[in-house]
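The values are calculated or read from the model by the stated rules, or taken from the named source; none is laboratory data. Bear in mind the structure is a predicted one, so any value in this text is a computation, not a measurement. Don't worry about glycine lacking a Cβ; one is built from the backbone with ideal geometry, like all the others, and counts go over all protein chains shown.
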Amino acid sequence: MVSRRNSVFANLDWMVIFLYFVLISWGVINIFSAEFNETTQNFFDFSLRSGKQMIWIAAALVLAMLILIIDSRFYIYFANPLYILMVLALLAVLVVGVEINGSKSWFVIGPVRIQPSEFAKVVTSLALAKYLSNPNIKLSRVKDLVIPLAIIFLPAMIILLQPDTGSTLVYFSLILVLYREGLPGVYVAIGLALAVLFIVTLLFDKLIIVSSLILLAFTIYFFLERRKKNFFIGLGLFLVTGGLVLGINQVLPEKFSIYYVLLITLLISGTIFLVLSLFHKLKYIILLLIILVGAVGFTYSVDYVFHNILEDHQQKRINVVLGIESDPLGSGYNVNQSKIAIGSGGFSGKGYLRGTQTKFNFVPEQSTDFIFCTVGEEWGFLGTSGLILVFATLLLRLIILAERQKTAFNRIYGYAVFSIILFHFTINIGMTIGLVPVIGIPLPFISYGGSSLWAFTILLFIFLRLDASRNEFL
Amino acid sequence: MNNLYENRKFAISLTLILIALIFIIKLFYLQILNTSYRLSAENNVIRYVPQFPARGLIFDRNGKLVVHNEAAYDLMVIPSQLEVFDTTGLCEILMTEKEEFIENLKAARAYSPYIPSSIIKQINPKTYAKLQEKLYRFPGFYVHTRTLRKYSQDIAAHLLGYVGEVTEKEIAKDDYYKMGDYIGKSGIEKSYETDLRGQKGVKMYLVDVHNRIKGSYQNGRHDKDPVVGSNLTATFDADLQAYGEKLMQNKIGSIVAIEPSTGEILSLVSAPGYKPSLLVGRVRSKNYLALARDTLKPLFNRALMASYPPGSTFKTLNGLIGLQEKTLYPSMTYSCTMGYHARGLTVGCHDHRSPLNLPSAVQISCNAYFCNVFRNILDSGKYTDIHESFDAWRNYLLSFGFGQKISLDLPNELKGFIPKTSYYDRYYGKKGWSSLTIISLAIGQGELGITPIQLANMTAAIANRGHYFSPHIIKAVAGRDDNKERFMKRHNTMIDSIHFAPVIQGMELAVNGAPGSGSTARIAKIDSIIVCGKTGTAQNPHGKDHSIFIAFAPKDNPEIAIAVFVENGGFGSTFAAPIASLMIEKYLKGNIKKNRKWIEDRMLNTDLIHGEQKK
């Protein structure tokens, strides 16, 4: 036992550590290039971002060492107290934080700026792992889902108030952890269906969507119902109600649009039909009706949220990805510039420091959120696909490590690390090549920024520490 | 162990692999298959060239072109693309000082190595032709075309305003503007900036190492075309404006003429003025400095920004208020014994027949009559005290547009000053003043600050028998169909239209009365047009009295209402009345009749500025 405990370094997964070093050094090399011009020639100039990133890396390595030295049980025992502390810190930043780029998410202490929401991911993962590792929890039971979802979305809600939409969305990735731990697949399917419905709502007129949903419901019903008489009763009921509502609407001094006529018709005829089916105990009709009403309600609220709650630039960013708006100097500007930069790299790129598009003037946030452009322009397809392969290898390795854990806590935490990195990887690269909306979240280990680098280092190395002592509790 | 769900690791791994695969396929497409994103040579760059639309043209009310554009060329530099070049040679082509050039280059480099800066502005077409041939020798430099204002007639500088480079403050306010852009700084150019400027566009070009444009990037797929600025139709009459400026030469003062039925400003002159072409192009800053230092303040728009006491022209308004308040009837007479005498106070008057009724009192401009009228308004039993009655009187003034900015679209207008009761309370104490204390307001003297445009507007309101339209200088913006709603803003005064007849009759008599009847402005009489006018002579602390005249014509269905101020011109009838009548004649008849040519000559040849300096 004793010898095992002391041999943390012997049990470390050196492959992950190797990939970690590949990524951080690749990052700093590209940050230097993103900022490079004829007046900034010195790589180690600490007034430059690349120089500063070197300092963050040095500090991150010290942090990593500390994490490896600490006993692995610390992370299990202190998961909950740390979680409470983190929630308090997130609340505090809303009050005493400093606003940078429109979101109040930074503590400023002298020259140091810290973004607590970056570290909140780590602590949330620990707390989630701690709670879910209780063998009595069954995620297939709805009531057992409440607390895990609360653990995930409490910090997300607070971060949304800052407001920092990007960091909030990261928490949704933890659903993947719940899925691995037994969340019924049907929920995930519903989630995906809602996502599709969401996109469709923004793409098409709500009248078209509601009509097609109703049409779809009737079609399904037609094939499900063995006694066709019932189907025609339902259809007739709907049409008669629709006619009545339409008639009344014509008489009203202030006419409602056809969309609302349809909604009201659906509500009235649906209720009547629901009561009828309850009498006759037609279970699947009840289910169908509930799904239909739910879907219509969902599109309505998406429409409402999109037009009344989301801010202008957020609406536009979503629109650009869906191809609704394409204005090269407007909201699509970043994506267009970023695609030009990446596309101009060709197969092998223009060469290190020789990019022309990825200097500060064209692509904004060059060294942070859009660092992938520099890679694409200067290293070409070789560089971009290479980077994607490195990430994919790291992520696959994390799955393997997680699966080889002998305690539920370790495995769950491992999947949390995987999910968070996967989410950042997907969104960040996806947005630079125009596949997902522009959401300002960094590319792990590569993007410039101390808070982000440290948070990902801590996230990863805690898992490596847990993994190194996976045999201890046998 | 929770290995019940272990198989899900496959689904998760598959998701990951799928995402990576989609990314790689998309990148393969972006970077290898789709060559449109690729640049042909290693050092090719995309250059973003903003496309400046031509500013909208400005026409006068008769469709005569007043302001248009001519091309000018700016030499731009992108410091990061510079190579060693022949500075002396370039400066020779440009005909500029080498030191200045190097200085500008340094400034551009300091601003940004990547963003283009203009280093030599407004190169003339000849130099540009020479430069264009040689430009290939100077990588990093290119020329871009802009437009400069050009004036068909060098008039109406104060109305038109001028265009200049944006300041940092203006950039901070509106992110449409970038360093080096132009913006309207005053007058119409300023108030109609968003109509005139159009919409900038942008063109993306591929530029090779030799600074040659290889063509548009991706066939202009990402370009944005500029939208030309909207043309404006102004309300002023260019000929009348030019004539007014000529009449006011060598004088200080202003003319404002308004079409009563619409509020359209027919002419607005502020003298001394300047030629608008002085503030265009490379000479602008030099000329601007000279104009700003001129002690006669030619940049100062007196028609909107100078406030004067209105003098006797105000008697018309006091008469109207008396009629509306029912403290005065047209037939009411007051006698005048060389002035108004009360409690040891005297307001002097000239020698004239007495007693007079209202029309005659306006005709002859009797001070005593209007002192009586004014006191009767303020001391009528209708109000409990002077505060209440003064407020009532003041509200009438406000309803005529005094004490507020009245123009719809001219920037930098002054509000003028109409005192409040608190103003007198401060000087005399709450109970320390009465109608007698402020008696000078009866004849338009005292604590009144009225701008020429406000007085012209009052004249228009009288001409309209009780209402006015906000004075404005633009009547139509091309391509918009809301011109009528946008420019016609009607305001009713608090005087009922039935009360205007006797006052207008007085104004008619003041100009058209029989010789020897005491008419104050017979010099303004024009055959075949009934001009209604009222003189004013404003005492002021800056020397000789200001000469003031208001008039409208014809009496029925008036087409022009005018106010003229000539500083230190003496009596209203000396300068202001003849100038106003000439303006009216010019506008309504097109030219000055022979028998009035002597008046025109006298006005053109009088030099009130240099005459005074000689003393």
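The numbered conditions (1) assigned to a loop (DSSP other than H, G, I, E, B); (2) in the same structural domain as B:Gly56 (by TED's automatic domain parsing); (3) under 25 Å from B:Ala563 (Cβ atoms) are all true for B:Lys190 except (1).
Could you go through region A:180-189 and let me know if any residue there is part of a helix (DSSP H, G or I), in contact with a helix residue (DSSP H, G or I) (Cβ under 9 Å, 6 or more places away or on another chain), in contact (Cβ under 8 Å) with a residue 24 or more places away in the chain and closer than 30 Å to A:Trp106 by Cα. For region A:180-189, residues part of a helix (DSSP H, G or I), in contact with a helix residue (DSSP H, G or I) (Cβ under 9 Å, 6 or more places away or on another chain), in contact (Cβ under 8 Å) with a residue 24 or more places away in the chain and closer than 30 Å to A:Trp106 by Cα: absent. Among the residues of region A:74-125, those identified as surrounded by fewer than 16 Cβ atoms within 10 Å (Cβ to Cβ), part of a helix (DSSP H, G or I) and of a type in the set (A, V, I, L, M) are A:Ile84, A:Leu85, A:Leu88, A:Leu91, A:Ala92, A:Leu94, A:Val95, A:Val96. Pairs linking a residue in region B:24-40 that is more than 7 Å from every other protein chain (Cβ to nearest Cβ) to a residue that is at pLDDT 65 or above and part of a helix (DSSP H, G or I), with Cβ atoms under 6 Å and 6 or more positions apart or on different chains, are B:Ser36/B:Gln218.
Of all the residues in region B:89-108, those that are in contact (Cβ under 8 Å) with a residue 12 or more places away in the chain, of a type outside the set (A, V, I, L, M, F, W, C) and under 22 Å from B:Gly180 (Cα atoms) number 2. All of (1) modelled with pLDDT of 85 or more; (2) part of a helix (DSSP H, G or I) hold for A:Asp71 with one exception: (2). Taking B:Ile562, is it assigned by TED's automatic domain parsing to the domain that holds B:Asn464, touching a helix residue (DSSP H, G or I) at 6+ places or on another chain (Cβ under 9 Å) and more than 14 Å from B:Thr459 (Cβ to Cβ)? The answer is no for B:Ile562. In this structure, A:Ser301 does not qualify as surrounded by 15 or more Cβ atoms within 10 Å (Cβ to Cβ) and either in contact with a Cys (Cβ under 6 Å, 6 or more places away or on another chain) or modelled with pLDDT of 80 or more (or both).
Taking first residues from region A:418-447 that are within 9 Å of chain B (Cβ to nearest Cβ) and partners that are outside any helix (DSSP H, G or I), the Cβ contacts under 6 Å between residues at least 6 apart in sequence or on separate chains come to A:Gly430/A:Val436.
Conditions (1) surrounded by fewer than 15 Cβ atoms within 10 Å (Cβ to Cβ); (2) farther than 19 Å from B:Tyr142 by Cβ; (3) at pLDDT 85 or above; (4) under 23 Å from the mean Cα position of the chain (by Cα), marked per residue:
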site	(1), (2), (3), (4)
B:Gly164	no, yes, yes, yes
B:Ile171	no, yes, no, yes
B:Asp175	yes, yes, no, no
B:Asp181	no, no, no, yes
B:Lys185	no, yes, yes, yes
B:Ile188	no, yes, yes, yes
B:Lys203	no, no, no, no
B:Asn211	no, no, no, no
B:Tyr217	no, no, no, no
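When the helices (runs of 4 or more DSSP H) confined to region A:228-322 are screened for residues that are over 30 Å from A:Asn428 (Cα atoms) and more than 37 Å from the chain's Cα centre (by Cα), those reaching at least 2 such residues are found at A:228-251, A:258-280.
If the condition is being closer than 20 Å to A:Phe418 by Cα and either more than 9 Å from chain B (Cβ to nearest Cβ) or basic (Lys, Arg) (or both), then region A:373-399 contributes A:Gly386, A:Leu387, A:Val390, A:Thr393, A:Leu394, A:Arg397, A:Leu398. Elements of the type helices (runs of 4 or more DSSP H) sitting completely within region B:415-505 and holding at least 2 residues that are hydrophobic (A, V, I, L, M, F, W, C) and in the same structural domain as B:Ile321 (by TED's automatic domain parsing): these cover B:452-463.
Scan region B:45-81 for residues that are within 12 Å of another protein chain (Cβ to nearest Cβ), among the hydroxyl-bearing types (Ser, Thr, Tyr) and closer than 30 Å to B:Ala478 by Cβ and the total you get is 1.
Within region B:345-371, the only residue that satisfies the criterion of being touching a strand residue (DSSP E or B) at 6+ places or on another chain (Cβ under 6 Å), among the polar types (S, T, N, Q) and buried (at least 22 other Cβ atoms within 10 Å of the Cβ) is B:Asn367.
Just to be sure I understand, how many residues within region B:55-72 are among the small types (Gly, Ala, Ser), farther than 9 Å from B:Thr233 by Cα and surrounded by fewer than 16 Cβ atoms within 10 Å (Cβ to Cβ)? Of the residues in region B:55-72, 1 are among the small types (Gly, Ala, Ser), farther than 9 Å from B:Thr233 by Cα and surrounded by fewer than 16 Cβ atoms within 10 Å (Cβ to Cβ). Of the listed requirements (1) modelled with pLDDT of 90 or more; (2) within 24 Å of the chain's Cα centre (by Cα); (3) surrounded by fewer than 18 Cβ atoms within 10 Å (Cβ to Cβ), B:Ala478 misses just one: (1). Against the conditions (1) under 22 Å from B:Thr127 (Cβ atoms); (2) modelled with pLDDT under 85; (3) of a type in the set (Lys, Arg), B:Lys98 satisfies every one except (2).
Applying the criterion of being crowded, with 19+ Cβ neighbours inside 10 Å and hydrophobic (A, V, I, L, M, F, W, C) to the residues of region B:109-139, the residue that is farthest from B:Asp181 (Cα to Cα) is B:Phe138. Scanning region A:224-255 for residues being under 22 Å from A:Gly297 (Cα atoms) and modelled with pLDDT under 80 gives a total of 1.
This table checks each residue for (1) under 20 Å from B:Ser285 (Cα atoms); (2) outside any loop (DSSP other than H, G, I, E, B); (3) over 40 Å from the mean Cα position of the chain (by Cα).
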| site | (1), (2), (3) |
| --- | --- |
| B:Phe85 | no, no, yes |
| B:Glu99 | yes, yes, no |
| B:Ala110 | no, yes, no |
| B:Ile120 | yes, yes, no |
| B:Ala129 | no, yes, no |
| B:Glu133 | no, yes, yes |
| B:Tyr142 | no, yes, no |
| B:Lys150 | yes, yes, no |
